[in-house]
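Peer 1: Handing you this structure, nothing more for now.
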DNA sequence: ATATAAATTTAGACAAGTCTAAAAAAAATT
DNA sequence: AATTTTTTTTAGACTTGTCTAAATTTATAT
Ligand SMILES: [Mn+2]
Ligand SMILES: [Mn+2]
Ligand SMILES: [Mn+2]
Ligand SMILES: [Mn+2]
């Protein structure tokens, strides 16, 4: 059966993307309330929409059992994520936005409909593999690299880590990182870990800083 | 009275832009039917919308008298035109689209809401003054150059003209120009004009071509 | 096992924008 | 001036997506 081309509304796309991101995160089907919370809408509205998406075979749904994406729904979600992240790259690399400023704009731009636009944008940006927050960009066929979930918080004293992504993309978190001079690529050495609250002293560029567990739990790193 | 910031829907913006372009063209208030035709909607829908825009003081409206933009409405329209044309420049200059492919995409992109995006895009594009069809781009204060309405059709035998814009931006017209090797900046010499149908023989880059009146009426030129 | 609490779904209403059909006004013809 | 035609407006219905309030189901706690 060939992939039908769907013309989805902006709203439908937002629901699909939201279900996708929660499902990835939790690894199981997504509750009505979770979706409502993330979309800042009401549970009753969510029920309506997932029933509609279920009729379109984009969502698996049984009453009171939560929702999960079908493979077709997942493939649409990945396309939306691809558009979102490529636009974020453009905004940061070309238009000189800071990494904490681009999310809301990308939320709009990801819904622009065109058969050719995103591939042309990707070529213009020279095929970036990650967005400004370190998240992988799916390729044109929907293949997406798996984020290895190593958080800074799991590192041990004496280890060296390189920052490769942020879990929380909120402006307040990103601005804190700017202030502390932590960016993608930063090389951090764990000097010590406080038993009581799991805060860490890290060395970054020769400078030592204390970092709360709240922070270290939101930084993806790779050890080296 | 200070300029209120309006949050208009995409639909409202499209009505305003449509009224603007017809009003500019005709120089008088715009009939319900004309708007309906251009927006491919029904007259009754148009009546509803212009009444709504009238309540918002963006449109002057008296029953059965057609609609015209207030100065506030006009200022909004110019902003939309600015966004449209800057996006068209980006699509052609940076993403390698042809000039006949960008209109529908710009129709979507012009509705992206942001206080900063368009000025940043304009800077990135290095402050272009005209879009790919030769139409002037309003500056950030809403000032827009007046197109001098000299059409190629009004040129006389022996005169030299430079193409500076197209009146019709339809894909079929633009593709015809591509085929005939006429582009913005092309220098045309009028070799002869046929009395019967006002078709012209023009010389372009050393090559002579016959051009119908339909064509010459849709090319903005300046004489030199 | 029952009672209580929490989550989910249904029912009914509303706003935005659209449409068709009918009524009213304006314009064009005779 | 009266009639016909065209344009515009109104009335009522429909769609998408939202909400509140009430009903139902599932989960939790006694
Ligand atoms: Mn984002
Ligand atoms: Mn991102
Ligand atoms: Mn255009
Ligand atoms: Mn244009």
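Since every read-out is calculated from the coordinates, none of them should be taken as a lab result. The model shown is predicted, which means the values in this text are computed figures rather than measured ones. In this analysis, Cβ positions are derived from the backbone assuming ideal geometry, glycine residues included, and neighbour counts consider all displayed protein chains.
Peer 1: Have a look at B:186, B:114, B:71 and tell me which one the Gaussian network model of chain B (Cα, springs below 10 Å) gives the largest fluctuation.
Peer 2: B:114
Peer 1: For residue B:28 and residue B:124 in one chain, what is 0.36 nm times their gap in residues minus the Cα-Cα distance, to one decimal in nm? If you can, show how the numbers build up before the last one.
Peer 2: Numbers: separation 96, 0.36 × 96 = 34.56 nm, distance 3.69 nm.
Here the answer is 30.9 nm.
Peer 1: With angles folded into 0 to 90 degrees, how steeply does helix A:43-55 sit against the dominant principal axis of chain A? Use alpha carbons for both and round to 10.
Peer 2: 60 degrees
Peer 1: Something else: Along the Cα→Cβ direction, 7 angstrom out, place labels at residue B:187 and residue B:113. What is the inter-label distance in nm?
Peer 2: Going from the residue B:187 label point to the residue B:113 one covers 5.0 nm.
Peer 1: Something else: Could you tell me what a quarter of the Cα convex hull surface of the protein assembly as shown works out to, in nm² with one decimal place? Write out the running numbers ahead of the final one.
Peer 2: Details: hull surface 121.7 nm².
Hull-based average projected area comes out at 30.4 nm².
Peer 1: While we're here: For helix B:10-26, report the angle its Cα long axis makes with the longest principal axis of the Cα atoms of chain B; keep it between 0 and 90° and round to the nearest 10°.
Peer 2: Roughly 50 degrees between the two axes.
Peer 1: Taking the Cβ of each residue in A:212, A:199 as the centre, tally the other Cβ atoms inside 10 Å and list the residues starting with the fewest. Don't jump to the answer; show the numbers that get you there.
Peer 2: Values: A:212 14, A:199 17.
Neighbour counts put them in this order, fewest first: A:212, A:199.
Peer 1: Right, something else. How would you rank B:133, A:103, going from fewest to most other Cβ atoms within 10 Å of each one's own Cβ?
Peer 2: Numbers: B:133 20, A:103 17.
Fewest-to-most ranking of B:133, A:103: A:103, B:133.
Peer 1: Moving on to the next point. Treat the count of other C-beta atoms within 10 Å as a stand-in for reagent exposure and order B:157, A:81 from fewest to most. Can you show the working numbers first?
Peer 2: Numbers: B:157 11, A:81 22.
Going from least to most buried by this count: B:157, A:81.
Peer 1: Helix-only mean residue ellipticity at 222 nm, chain A, DSSP H runs n ≥ 4 weighted -39,500 (n - 2.57), per residue, nearest 500. What is it?
Peer 2: On the way: 8 runs with 86 residues, N = 224.
It lands at -11500 deg cm²/dmol.
Peer 1: Working from the pairwise distances between different alpha carbons, so that the mean of 1/r is found and then inverted, what is region A:74-152's Kirkwood radius in Å? The partial results should precede the final answer.
Peer 2: On the way: mean 1/r = 0.0781 Å⁻¹.
Radius from the Kirkwood sum: 12.8 Å.
Peer 1: Could you give the C-alpha radius of gyration of region A:84-126 expressed as a fraction of 2.2 N^0.38 Å, taking N as the number of residues it contains? Don't skip to the end; give the middle numbers.
Peer 2: Numbers: Rg = 10.0 Å, N = 43, 2.2 N^0.38 = 9.2 Å.
Computed over Cα atoms of region A:84-126, the ratio equals 1.09.
Peer 1: How big is the C-alpha Rg of region A:160-224 next to the rule-of-thumb value 2.2 N^0.38 Å, as a ratio? Write down the numbers at each step before the final one.
Peer 2: Working: Rg = 11.0 Å, N = 65, 2.2 N^0.38 = 10.7 Å.
Expressed relative to 2.2 N^0.38 Å, the Cα Rg reads 1.02.
Peer 1: Could you give the length gained on full extension between residue B:147 and residue B:96, defined as 0.36 nm per residue of separation minus the Cα-Cα distance, in nm? Write out the running numbers ahead of the final one.
Peer 2: On the way: separation 51, 0.36 × 51 = 18.36 nm, distance 2.63 nm.
Taking residue B:147 through residue B:96 to full extension adds about 15.7 nm, to one decimal.
Peer 1: If you scale each eigenvalue of the Cα gyration tensor by 5 and take the root, what three semi-axes come out for region A:60-118, rounded to whole angstrom and sorted largest first? List each step's numbers first, then the result.
Peer 2: On the way: eigenvalues 167, 39, 13 Å².
Taking √(5λ) for each Cα gyration eigenvalue gives 29, 14, 8 Å.
Peer 1: Per the Kirkwood definition applied to all pairs of different Cα atoms, how many angstroms is the hydrodynamic radius of chain B?
Peer 2: Values: mean 1/r = 0.0523 Å⁻¹.
Evaluated over chain B, this radius sits at 19.1 Å.
Peer 1: Same structure again: Round to the nearest 10 and give me the degree value, 0 to 90, for the angle of helix A:171-180's Cα axis relative to the longest principal axis of chain A.
Peer 2: Long axis of A:171-180 versus the principal axis of chain A: about 20 degrees.
Peer 1: Taking residue A:9 in one copy and the same position in all the others, each labelled 7 Å out along Cα→Cβ, what are the pairwise distances from the first, in nm, shortest first?
Peer 2: The answer, with the shortest distance listed first, is 1.0 nm.
Peer 1: What is the distance in Å between the Cα centres of region A:192-224 and region A:123-183?
Peer 2: 16 Å
Peer 1: Please compute the contact order of chain B in relative form: average sequence separation of alpha-carbon pairs under 8 Å and at least six residues apart, divided by the residue count, as a percent.
Peer 2: Reported relative contact order: 14 percent.
Peer 1: Quick one: Debye curve from the C-alpha atoms of region B:123-202, no solvent, what's log10 I(q)/I(0) at q = 0.15 Å⁻¹?
Peer 2: Here the Debye-derived log intensity ratios amount to -0.66.
Peer 1: Report, to one decimal in Å, the Kirkwood hydrodynamic radius for region A:1-132 based on all distinct Cα pairs. Numbers along the way, then the final one.
Peer 2: Working: mean 1/r = 0.0639 Å⁻¹.
This gives a value of 15.6 Å.
Peer 1: Mean separation of Cα pairs under 8 Å and 6+ residues apart, divided by the residue count of region A:11-130: what relative contact order is that in percent?
Peer 2: Numbers: 118 pairs, mean separation 26.3, N = 120.
Computed value for region A:11-130: 22 percent relative contact order.
Peer 1: Turning to a different aspect of this structure: Can you tell me, using C-alpha contacts under 8 Å and at least 6 residues apart, the relative contact order of region B:112-221 as a whole percent? Walk me through the numbers on the way to the answer.
Peer 2: Details: 152 pairs, mean separation 28.9, N = 110.
The normalised contact order for region B:112-221 reaches 26 percent.
Peer 1: Given 20 °C and 1.002 mPa s, how large is the Stokes-Einstein diffusion coefficient of region B:1-58 in µm²/s, with Rh as the Kirkwood radius over Cα pairs? Show your work: numbers first, answer last.
Peer 2: On the way: Rh = 12.0 Å.
My calculation gives 179 µm²/s for D.
Peer 1: Please give the length that would be gained between residue A:70 and residue A:212 if that part of the chain were fully extended, namely 0.36 nm times their separation in residues minus their C-alpha to C-alpha distance (nm, one decimal).
Peer 2: Details: separation 142, 0.36 × 142 = 51.12 nm, distance 3.88 nm.
In short, 47.2 nm is gained.
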